[in-house]
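*Asks:* Sharing a structure, written as structure tokens. Questions coming.
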Amino acid sequence: MTGAVVPAVTARVVVTGRIPQAGVDLLVGAGHHVDVWTDDTPIPRDELLRRVAGAHAVVSLLTARIDDELLDAAGPQLRAVANVAVGYDNIDVAACHRRGVVATNTPGVLTDATADLAMALVLMTTRRLAEGERLIRSGEPWRWGMFMMLGTGLQGARLGVVGMGQIGTALARRARAFGMTVAYANRRPVDPAVASELGAVRLPLDELLATSDVVSLHCPATPETHHLIGAAQLASMRPTAFLVNTARGTVVDEAALVDALERGEIAGAGLDVFEHEPAVHPGLLGRDDVVLLPHLGSATVETRTAMATLAARNALAVLAGADPLTPIGVVRPTG
Ligand code: GLV
């Protein structure tokens, strides 16, 4: 790390969007000047570049791109970029490190909320819940029927987790409670105690895709995972299988997913994230075999508050010359 420690009282902290007040209170309580973009729409790029000039810390939402341009606009006094998210594909971490800027994220505090949402998508897709809800709301006449909207049971079905970090593991625990078996693909084997608790087998990705009934993605968005799930991978899945994505949209080739659904190569998909977020591929919108959510993985009051306070604590630690609680170092599985 380079640069002098900034006395707490003089620090200027830019927050790129609204965060729970507890996070702002921590920053203000430490005596900093805090500048929060309070509109509900993302801060325009020009405005962001203007505001960060002279900042000592930036508390960033995942919608703010932190790159060379922004770091240059901020200036050499910048010490910390504290992302209010576990994923940090919006941050050029190498560019931060080149300037001695510490980058942090918020792992751990959103594990349960995101795993809950992934499990919800598993249930929604396999049991056709959104489709059923749409039917009721449509006002179309309906009556109970023996063969109406039959779904797929989870008991004995295999969950394939791609990226067995904290969130993938937390989903696997939930899936076990629903009677599923667990396989995972990860660069490293998980702790043997966790593998044994979950009865989880580690498989190469191609084998996992070919043998799972539900594939759930929990890997970070990196150049290596861009379109990790493309046409060939989708074609290798079971025609009865479902894909769930609560990680990042770029991990899936969305156009290939539309084609695969159209050809019946997989049975359905549950997506909380999109390749060109907030845009959604038009080919997904009219399909009954997909469930589409607006990036709600960590969206609970408790979790967002914990994320905001962790990000604030990270920024405060760096500004005080101490080690941050959750620095981003090498790329690791999301969660
Ligand atoms: C949300 O998507 C996060 O990365 O925290």
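The values are calculated or read from the model by the stated rules, or taken from the named source; none is laboratory data. This is a predicted model, so every value here is computed, not measured. For neighbour counting, all protein chains shown are included, and Cβ atoms are generated from backbone atoms with ideal geometry for every residue, glycine included.
*Asks:* Among the numbered conditions (1) away from the ligand (no atom under 13 Å from the Cβ); (2) within 20 Å of Ile19 (Cα to Cα); (3) in contact with a Lys or Arg (Cβ under 8 Å, 6 or more places away or on another chain), tell me where Met119 comes up short.
*Replies:* (2)
*Asks:* Residues in region 265-278: is at least one surrounded by fewer than 16 Cβ atoms within 10 Å (Cβ to Cβ), away from the ligand (no atom under 16 Å from the Cβ) and in the same structural domain as Leu121 (by TED's automatic domain parsing)?
*Replies:* No, region 265-278 contains no residue that is surrounded by fewer than 16 Cβ atoms within 10 Å (Cβ to Cβ), away from the ligand (no atom under 16 Å from the Cβ) and in the same structural domain as Leu121 (by TED's automatic domain parsing).
*Asks:* In addition: Answer yes or no: is there a residue in region 129-138 that is modelled with pLDDT of 95 or more and under 30 Å from Ala82 (Cβ atoms).
*Replies:* No.
*Asks:* Spot the failing condition for Arg79; the list is (1) of a type outside the set (Val, Ile, Thr); (2) surrounded by 16 or more Cβ atoms within 10 Å (Cβ to Cβ); (3) more than 27 Å from Val251 (Cβ to Cβ); (4) assigned by TED's automatic domain parsing to the domain that holds Pro189, and only one is missed.
*Replies:* With (1) of a type outside the set (Val, Ile, Thr); (2) surrounded by 16 or more Cβ atoms within 10 Å (Cβ to Cβ); (3) more than 27 Å from Val251 (Cβ to Cβ); (4) assigned by TED's automatic domain parsing to the domain that holds Pro189 applied to Arg79, the lone miss is (4).
*Asks:* Filtering region 225-264 down to residues that are within 16 Å of the ligand (Cβ to nearest atom) and not in a strand (DSSP E or B), which residue is nearest to Arg128 (Cα to Cα)?
*Replies:* Across region 225-264, the extreme among qualifying residues is Thr246.
*Asks:* Does region 149-163 include one or more residues that are surrounded by fewer than 22 Cβ atoms within 10 Å (Cβ to Cβ), at pLDDT 95 or above, away from the ligand (no atom under 16 Å from the Cβ) and under 20 Å from the mean Cα position of the chain (by Cα)?
*Replies:* no
*Asks:* From Gly283, Gly270, Gly297, which residue is over 15 Å from the mean Cα position of the chain (by Cα) and not acidic (Asp, Glu)?
*Replies:* That would be Gly283, the only listed residue that is over 15 Å from the mean Cα position of the chain (by Cα) and not acidic (Asp, Glu).
*Asks:* Can Arg187 be described as under 21 Å from the mean Cα position of the chain (by Cα) and assigned to a loop (DSSP other than H, G, I, E, B)?
*Replies:* Yes.
*Asks:* The conditions are (1) more than 14 Å from the ligand (Cβ to nearest atom); (2) under 26 Å from Ala170 (Cβ atoms), and Pro294 fails exactly one of them. Which is it?
*Replies:* So Pro294 meets the others, but not (1).
*Asks:* Quick check on my filter: what residues within region 61-80 are in contact with a Ser or Thr (Cβ under 6 Å, 6 or more places away or on another chain) and more than 10 Å from the ligand (Cβ to nearest atom)?
*Replies:* Ala64, Ile66
*Asks:* Another question about this same structure. Criterion first (away from the ligand (no atom under 16 Å from the Cβ), within 25 Å of the chain's Cα centre (by Cα), surrounded by fewer than 23 Cβ atoms within 10 Å (Cβ to Cβ) and closer than 23 Å to Glu277 by Cβ) does Ala130 satisfy it?
*Replies:* When the stated conditions are applied, Ala130 passes them.
*Asks:* Moving to a separate point now. Among the helices (runs of 4 or more DSSP H) contained in region 5-102, which hold 1 or more residues that are small (Gly, Ala, Ser) and at pLDDT 95 or above?
*Replies:* Passing ranges, in order: 21-29, 68-74, 93-98.
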